[in-house]
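Below is one structure, written out as structure tokens; the observations come after it.
Just so you know, all these numbers are worked out from the coordinates, no wet-lab data involved. Please read these numbers as outputs of a predicted model, since none were measured by experiment. Ideal geometry is used to build each Cβ from the backbone, glycine not excepted, and the neighbour counts take in all protein chains shown.
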């Protein structure tokens with residue numbers, strides 16, 4: 001997989017407002033926020049999209065969700081947040097490196113699209 005924008009952020013080639021990091025993932029504020037809180041949680045090992053994940057990725061995928069909840073909590077929104085994973089261009093995915101959007105800070109309507 002070619003270096004995506006997110007790989008460049010992980011490698012510190014592009015600056016980002018990082019709010020969390022561990023050995024498996026990085027979380028940073030979205031540069032085009034759709035809510036007062038809009039953080040992206042990305043695995044350090046790139047997977048283009050969720051539908052490309054395999055059974056062996058399950059621990060990392062679970063970790064991304066746990067980190068997303070932790071980030072929401074640390075930012076003061078542990079009880080009210082939305083997680084979004086877009087899979088493919090028609091679903092709104094623009095960077096083909098799996099990522100979880102953490103959205104919070106305002107009332108989020110339904111349906112979302």
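Taking the three principal axes of the alpha carbon atoms in the chain, the coordinate ranges are 37, 29, 26 Å, sorted in descending order. Can you figure out the FRET efficiency of residue 53 with residue 106, using R₀ = 25 Å and their beta-carbon distance, to the nearest 0.05? It comes out at approximately 0.25. Model label points for residue 20 and residue 87, set 7 angstrom from Cα along the Cα-to-Cβ axis, are 2.2 nm apart. Adding -39500 (n - 2.57) for every DSSP H run of four residues or longer, then dividing by how many residues the chain holds, sets the calculated 222 nm ellipticity at -6000 deg cm²/dmol. Mean separation of Cα pairs under 8 Å and 6 or more residues apart, divided by the residue count, gives the chain a relative contact order of 30 percent. This ranking places 6, 96 by how few other beta-carbon atoms lie within 10 Å of each, fewest first, which gives 96, 6.
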